[in-house]
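Working notes for the structure below.
Throughout, read-outs are computed from the coordinates displayed, never taken from laboratory work. Fair warning: this is a prediction, and the values are worked out from it, not measured in the lab. Note that each Cβ is placed from the backbone with ideal geometry, even for glycine, and that neighbours are counted across all protein chains shown.
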Amino acid sequence: MEPSNFRRKNVGLRLLAILMCCGRWTECAASSGDSSSVQHLLADSFREELLITPLDTEHLHLQFKFTITTPRRAHYGHVDLFPKSVADVMEKHALEELHLVLTQGLYRHRQWGYAAEAWAPTGAQVYAWFSPDDTSTPFSSAASQHSVDQRWKGLTNSLAGLFCATLNDVTNAKSISPVWQFRPQGLTRAGSVNNSLVRYSTLPRENVCTENLTPWKKLLPCGEQSGLARLLNAIKLLSSHYFSLALNVRPVCNNDNRKSCAVEEQLLQATFTATAVIQPGSVQDFNKLHWSLKDIFEVELERGCPLADQSLIYVDQGLPGSPMQEMALQPFPSFTMALPENNHRLAVYDLANSTTFNGPKFTLSGKSPSTVQPGLHEPLLTTHRFVAGYGQHKGAIKCRLENHDPTSALRVQYLEVLPWFLRVYLHTLRLSVPILRSHFRPARDRIAPHHIELLFDIPSASSIEFAVEFDLTLLKWTEYPPDAHRGFDVPPAVVAVMLKSPEQCSHVTMMPGFDSCFLRLYTEALLVNLPTPDFSMPYNVICMTCTVLALAFGPIHAYTSKSLVVGEKESAQRPLVKLKNKVKALIAKWKARRTRVAVPDSTSSAEQDSSPTS
Amino acid sequence: MDRRGAVQAATLVVMGAIGFTLRLPSLSPGVQRFVEDRVEFSVPTNAWRRAAEGVFLHESGVDPYEGDMYHETPLCLIFLTKAKSLGETFLNRLFPACDILTAICLYFFAKNLVEAMIIQQRKDYASLKPKVQLLLTPFEDIPKVPLAVFIWYILNPFVIGSCMAKTTSVFTNLLLAAMLLFTSFGSNPVARVASLVFLALASYQTLYLFLLFPALHLYLMTSVPDKQRSRLWYELGHLVVNLGIFGVTLSGLVIFSSMIMGSWTFLRGVYVFAVSSPDLTPNIGLFWYFFTEMFEQFRTFFVCTFFMNVCLYAIPVATKLRHDPPFAIFVLLILITIFKPYPSYGDVGFYMSLFPIWRRLEPLMKQTLIVSVMLLIAVVLFPVLWKLWIIAGSANSNFFYAITLVFIASQVFFVCDVTLAHEKRQWQLKNNAETLEAIHLD
């Protein structure tokens, strides 16, 4: 997901120069299986960027991106700039790739257009590619022998600790192995792209707060002490309309060749992304977008991070001819450039260059022309998902997808992960267009969610609807959260699409190595109300149910173990009664003998006493 | 006699036609939708929506037992897949047709049974006081009772609703009725084998029905000549043969199913599910709220206890009623319906339609009013309290739970009442006693 070829090449050259100067250019190791023989030819590098994109008359999209690379190896004993804890997580759970994003709010692509690169679902999302259990590769660690499920559990627990998020809630009951979606984004090798090696999960209810932002910032080489990370003012970011924190770790190649990459040229790249949609203006500035970094963050920038190879701020000025081109920027940018993929013009500020600073501190402000047309970034594909039905017995999940392209159809990959407590009837799945490919996996209670993946075409300039019905079930009383009546969250659906022409991509930056741009949208997360039991009832229910049980058991037991007989005669015949009478008679006899008192008819009276009366 | 026979046949045909029409979903689509959604009719083990889901998954190449939606047996799956491929109209007629077939089976079963009862009582109770003779099954019951059974089944709202909702209870009921019919044919060896095979099929379909085996065995033994019955070796031999036929058929069905499915996963989806009742969707049974509110550490204990409880009754009831095994089957059917985790109106309707066979017990029953009022209240209040809880949100789960308790208690009272009435009748006949005074339960 490189923003541009330009930047990538530039970094590559710089890295090469540094290495040459340092004289660490040793002989190339043979690309054999022995990982210890791999020499580290490359040093860690760090790049910080901020992309500012005006969305419409009111909103500004800000994306901070901190990219750290380190040579890839089996064991990260020592790292320079690369965060050690992230490297340890990658090593300990034998990961190929890791993607984590924590998001507050919903990205309104219908209103704001597509944002650059990061689209994230509300709450937490994590997916990871695991290394196959294959010792022949140079980067395999001992952990790869553990099962993927074990490593996934370990990973989510590690991430929970690392980012203070409740990612330990990610269980197998909330995870799937996507079949077509969430392919690896970095280098792959033979046998590593197998969907048994990927796990994906979302926690739509996760709240993102400063407690997540602080540990995230601490992983950066400069922390929040200097550089662009200084701008990450928690109060300002968390009061924005949309805020998303991401960490993406993937293997990349030092050269541009994605197909084959020598072992010594492989890098591990961690990208820390913070995205916010902020409303900078005041009410008076209606229809005018007027912003400055100082107003937005209440922090001023002194310089870029000294450890960074590059420290850049970009301002997206849109396509040629767009009103954003006339945005008045203060100070004047270091240079402007056009993205070759979609012709967007970017104004670039290089914070490493002291001429950029128009004083001791760097203040950047922009003023849009008098009017900016709304609907500037008319998105090509929009989605809307909702729950249909009433009551707590059954319902349906519907998703409306609209293709606004007047000429061509869109091929869409659609992924639904529905929790097991919705009893989804897959045979009620309705889609108004033919399904080209489908993958279903029904849920198992408390073990696996429903997994629906579809591939279909949306015809040009039309709207289609996906619908599937479900029943709601009662859970065990201990499985309800304390606020049971708030409802249960249903993760968002994922819609992935390849846009064909660069113009369609609008704000979307190009994926390296692809002719068309890749777009992934997340729909709304939903809330469903499950029927609830009375939580104060356990003892009562146990008592009353068992009473009814006893009500049947008692009479049936009596009925089957006894029979109707007439009185004394038969009961006197019973062996136990006979024995009892005999014993009684004997005792009476013995008593009589002992006291030597003649008691007439003592035995007969004893017998009479012992005989049962009706 | 011929004329009466013709009238009887005409009545059967007319009632059958009415019953068939009443069960057609096209007659009242609103009612059909209503009953299909009702938890009293559709439970996880018999609901049509779940069956259709299983068929869909099977056709999509997914193992239906991998998920937790489908709990029918593999043979049922194959059968429904075939049936579904023949179209909606066929399906809409298949269910009513099966139900009519069940009614016909029950009709002939009742006929055979009443005839056998009359023969038996003439043999057993030759000279009775006139008042006591009133307790005997009279000759006029031979045409009347089977017709009553037929009509009770055909016009039973529980059964009609169950059929309209396309629950698979329809097939279980058919298998049970066929079992009863073949058993009533007596000493014919083919019929004997058939009845055991049908019991195996019914048990395969609904696990708990295997509990009918002891009673069925004794029923089959009634047709064996007395000379043989008195000898232990003959008796043991018969038991081994019957158990063998039943066991071999049942295990054959299970093994055949695993061969069809290519795995044993269905055992978990069908039988483990039927015992451990993990699906807590409300129903008219005793289990759902109990296991919703259960403390986690006691869950296994109570699952075992409840399973043992339902199994407990089979042998004692069969032994107690060894002289009247059809009645033992009737009592066991009620007890199984009460104590199985997912009972539905289909099961209730089935045993209810058998009651006319023992209608001579009715004068001896003491709680008919209480039972019928409780039953009526429960049936009316089920949908009302469901709506208040689930749709309106103005009531809570306790309301619905309370009414399930009333419904179960009414069935418990009924089974206690009917068994006690049977005991009294037997006693009066045996002792040639006019009244029940001066007797007591010892």
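Quick look at the values:
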| item | result |
| --- | --- |
| Contact order normalised by residue count of chain B, Cα under 8 Å, 6+ apart, percent | 20 percent |
| Calculated FRET efficiency for the pair A:Asn194/A:Asp350, C-beta based, R₀ 51 Å, to 0.05 | 0.75 |
| Relative contact order (%) - criterion: Cα under 8 Å, at least six apart; region: the stretch A:34-368 | 23 percent |
| Positive dipole terminus of the protein assembly as shown, leading residue within A:Leu576, B:Thr368, A:Val89 (C-beta point charges) | A:Leu576 |
| Placed amide H near A:Leu267: partners under 5 Å, 5+ positions off or other chain | A:Arg72, A:Val252, A:Cys253, A:Asn254 |
| Shielding by partners, peptide B:285-293 (average Cβ within 10 angstrom, other chains) | 6 |
| Charge tally in the Cβ shell below 9 Å around A:Phe386, where Lys, Arg are +1 and Asp, Glu are -1, A:Phe386 excluded | +2 |
| Gained length - A:His384 relative to A:Asp169, 0.36 nm times residue gap less alpha-carbon distance | 74.7 nm |
| GNM result for chain B, Cα springs below 10 Å: residue of B:Pro343, B:Pro225, B:Pro157 fluctuating most strongly | B:Pro225 |
| The stretch A:381-498, relative contact order in percent, only Cα pairs under 8 angstrom and at least six apart counted | 36 percent |
| Added length on full extension, which subtracts the Cα-Cα distance from 0.36 nm per residue, A:Ala461 to A:Gln150 | 107.4 nm |
| Relative compactness, the stretch A:46-100, computed as alpha-carbon Rg over 2.2 N^0.38 Å | 1.59 |
| Ratio Rg/Rh [Cα only; Rh per Kirkwood] for the stretch B:3-431 | 0.96 |
| Averaged over A:541-550, number of beta-carbon atoms from partner chains that fall within 10 Å | 6 |
| When the stretch A:400-442 is reduced to its Cα atoms, the Kirkwood hydrodynamic radius in Å | 13.0 Å |
| Separation of the A:Val179 and B:Arg33 label points, Cα + 7 Å toward Cβ, nm | 3.3 nm |
| Sparse-neighbour loop sites [chymotrypsin sites (Phe, Trp or Tyr not before Pro); the stretch B:204-282; at most 13 other C-beta within 10 Å; DSSP] | B:Trp264 |
| FRET efficiency, 1/(1 + (r/R0)^6) with R0 25 Å, evaluated for A:Arg400 and A:Leu238 via beta carbons | 0.20 |
| Rounded to whole Hz, the Karplus (6.51, -1.76, 1.60) HN-Hα couplings of the stretch B:128-137, x for glycine and proline | 10, 5, x, 5, 6, 4, 4, 6, 6, 6 |
| Shielding by partners - mean other protein chain Cβ count within 10 Å, residues of B:49-56 | 4 |
| Loop trypsin sites (Lys or Arg not before Pro), the stretch B:171-238, which have at most 13 other Cβ atoms in a 10 Å radius of their Cβ (DSSP) | B:Arg231 |
| Residue-span extension gain [B:Leu236 to B:Ala392] - 0.36 nm each, minus C-alpha spacing | 50.2 nm |
| Amide H partners (placed H, <5 Å) of A:Val490, local residues excluded | A:Leu526, A:Leu527, A:Val528 |
| Exposure rule at most 10 other beta-carbon atoms within 10 Å, DSSP loop GluC sites (Glu not before Pro): chain B longest free segment | B:141-436 |
| Theoretical FRET efficiency, 1/(1+(r/R0)^6), r = Cβ-Cβ of B:Met308 and A:Asp88, R0 45 Å, to 0.05 | 0.30 |
| Label-point separation in nm, A:Glu300 to B:Ala9, each point 7 Å along Cα→Cβ | 11.0 nm |
| Members of A:Lys562/B:Lys123; A:Lys153/A:Lys398; B:Lys144/B:Lys320; B:Lys366/B:Lys424; A:Lys394/B:Lys387 lying beyond 23 Å, as alpha-carbon distances in this model show | A:Lys562/B:Lys123; A:Lys153/A:Lys398; B:Lys144/B:Lys320 |
| Assigned charges on the beta-carbon of Lys, Arg, Asp, Glu; the stretch B:21-136 dipole about Cα centre (debye) | 920 debye |
| Cα-projected label distance for B:Ala116 with A:Val577, points at 7 Å along beta-carbon direction, nm | 3.6 nm |
| For A:Tyr425, distant residues with modelled amide H under 5 Å away | A:Glu469, A:Phe470, A:Asp471 |
